[in-house]
Amino acid sequence: MATNPQPSHITAEMWWFIEEWERLEAETVYAGSWGDFKPGYHADYATSKKHPEWQPDYSIQLADDQVGNGHPNEKMGAAVDITFPSAQRGNFTNIRKYSDRVRAAWKTRDPRLKGWREVLCNSSDGDAPADGFDFTNWTERSPDDTHKWHMHFSCLRKYLNVLSVFQAMMSILRGETLAQWQAEGKETMAQVFLWQNKYWISRGDAKEREVVSTKVGIVTPEMNVVCDVHKVYPGKDARGYPTPDLTTRDWTEALVNLSFGPVKTAGGGDGGGALISHSHEFAASGTSGPPVTDS
């Protein structure tokens with residue numbers, strides 16, 4: 001895994017999504033997130049507003065895309081491009097597998113799509129052009145042919161620092177059903193993770209986390225139990241314990257709090273034994289106008 005190359009323009013939550021692509025599909029190549037050379041979701045809001053000729057662009061029209069006046073996402077890119085080398089060689093099997101999962105979610109108006117504007121891709125829908133699925137007005141369009149071999153994801157700018165938005169899209173891409181995702185969101189769902197050289201367990205019902213062990217790399221009865229019973233994030237080492245330390249993936253304290261809850265303030269300690277999960281609730285996107293740019 002690489003370090004976020006542009007933390008001033010790519011949120012940690014978006015970088016998490018990009019890294020998860022590498023875990024999900026080994027052949028894919030991250031092809032970029034932010035740029036200031038043309039209008040669209042790759043360009044940040046502040047840059048887009050500096051160009052009078054860019055003002056009609058669809059990527060800055062919705063209420064959920066208007067993040068000016070010092071908003072933390074004002075200078076953040078809002079799109080991710082993922083290239084499939086096999087599709088570049090003319091084999092569309094792999095890109096269509098993931099595109100079909102997005103298309104199925106779009107057709108059913110899957111709630112996991114909230115927070116996203118669109119995906120441009122290449123689904124097996126029986127026609128030659130590439131496909132564009134809009135999740136704010138539920139329309140379909142045909143983007144340019146480069147999307148036959150790469151997938152483009154546009155996130156509504158308001159949600160660029162909301163990890164659950166990226167987790168929800170990754171759930172769709174993994175092929176999980178909505179029921180599976182909702183089950184993971186139950187209050188009894190726990191996650192064990194490594195942060196700042198400590199093993200933590202999170203708790204969904206109380207939205208908090210506490211330390212299980214500070215003995216990183218050492219087998220303990222407590223860690224054996226929590227790792228056997230609960231979900232280990234993001235991966236497991238040879239002992240079955242969580243790895244890597246999220247500090248190596250550019251996570252911050254704020255992002256850990258957002259994902260797993262703040263540190264438990266009463267009754268905590270090295271014993272652990274608490275539980276957490278994703279937060280899937282956030283405001284719906286605004287009304288939509290027709291797209292005018294392939295981004």
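The values are calculated or read from the model by the stated rules, or taken from the named source; none is laboratory data. Keep in mind it's a predicted model, so treat the numbers as computed, not measured. We place every Cβ from the backbone using ideal geometry, glycine too, and count neighbours over all the protein chains shown.
Take the conditions (1) under 19 Å from the mean Cα position of the chain (by Cα); (2) modelled with pLDDT of 95 or more; (3) of a type outside the set (A, V, I, L, M); (4) farther than 21 Å from D134 by Cα; E22 misses just one of them, which is (2). Under the condition of being out of contact with any His (no Cβ under 8 Å at 6 or more places or on another chain), of a type in the set (A, V, I, L, M, F, W, C) and crowded, with 20+ Cβ neighbours inside 10 Å, the residues counted in the stretch 49-94 number 2. Please work out if S48 is of a type in the set (S, T, N, Q) and either within 14 Å of H150 (Cβ to Cβ) or assigned by TED's automatic domain parsing to the domain that holds G235 (or both). Spelling it out, it is not the case that S48 is of a type in the set (S, T, N, Q) and either within 14 Å of H150 (Cβ to Cβ) or assigned by TED's automatic domain parsing to the domain that holds G235 (or both). Selection of the stretch 206-230 for residues being basic (K, R) and farther than 16 Å from G261 by Cα yields only K215.
Could we say that A105 is of a type in the set (A, V, I, L, M, F, W, C) and either buried (at least 22 other Cβ atoms within 10 Å of the Cβ) or at pLDDT below 95 (or both) here? Even if it seems obvious, please write down each step before you answer.
Details: of a type in the set (A, V, I, L, M, F, W, C): yes; either buried (at least 22 other Cβ atoms within 10 Å of the Cβ) or at pLDDT below 95 (or both): yes.
In short, yes.
Selection over the stretch 157-176 of residues that are touching a Leu at 6+ places or on another chain (Cβ under 7 Å) and crowded, with 22+ Cβ neighbours inside 10 Å gives a count of 2.
Sub-6 Å Cβ pairs linking a first residue in the stretch 47-69 that is over 18 Å from W34 (Cβ atoms) to a second residue that is among the small types (G, A, S) and in a loop (DSSP other than H, G, I, E, B), at least 6 apart or interchain, are Q61/G289; L62/G286; A63/G286; D64/S285; D64/G286, ordered by first then second residue. Filter the stretch 248-266 down to residues that are among the polar types (S, T, N, Q) and either surrounded by fewer than 18 Cβ atoms within 10 Å (Cβ to Cβ) or in a loop (DSSP other than H, G, I, E, B) (or both) and give me whichever is modelled with the lowest pLDDT. This residue is T265. Filtered by the rule that a residue be touching a strand residue (DSSP E or B) at 6+ places or on another chain (Cβ under 9 Å) and either under 13 Å from N197 (Cα atoms) or in a loop (DSSP other than H, G, I, E, B) (or both), the stretch 235-247 gives D237, G240, Y241, P242, T243, P244, D245, L246, T247.
Identify, please: which residue in the stretch 18-48 is assigned to a helix (DSSP H, G or I) and among the β-branched types (V, I, T) and is, among those, surrounded by the most Cβ atoms within 10 Å (Cβ to Cβ)?
Narrowing the stretch 18-48 to residues assigned to a helix (DSSP H, G or I): 18-24, 45-48.
Keeping just the survivors that are among the β-branched types (V, I, T) gives 18, 47.
Working: I18: 21, T47: 19.
Among them, the one singled out is I18.
So which residues in the stretch 64-91 are hydrophobic (A, V, I, L, M, F, W, C) and modelled with pLDDT under 95? Please lay out each step first, then the result.
Going residue by residue through the stretch 64-91, those that are hydrophobic (A, V, I, L, M, F, W, C) are 67, 76, 78-80, 82, 84, 87.
Residues satisfying the conditions do not exist here.
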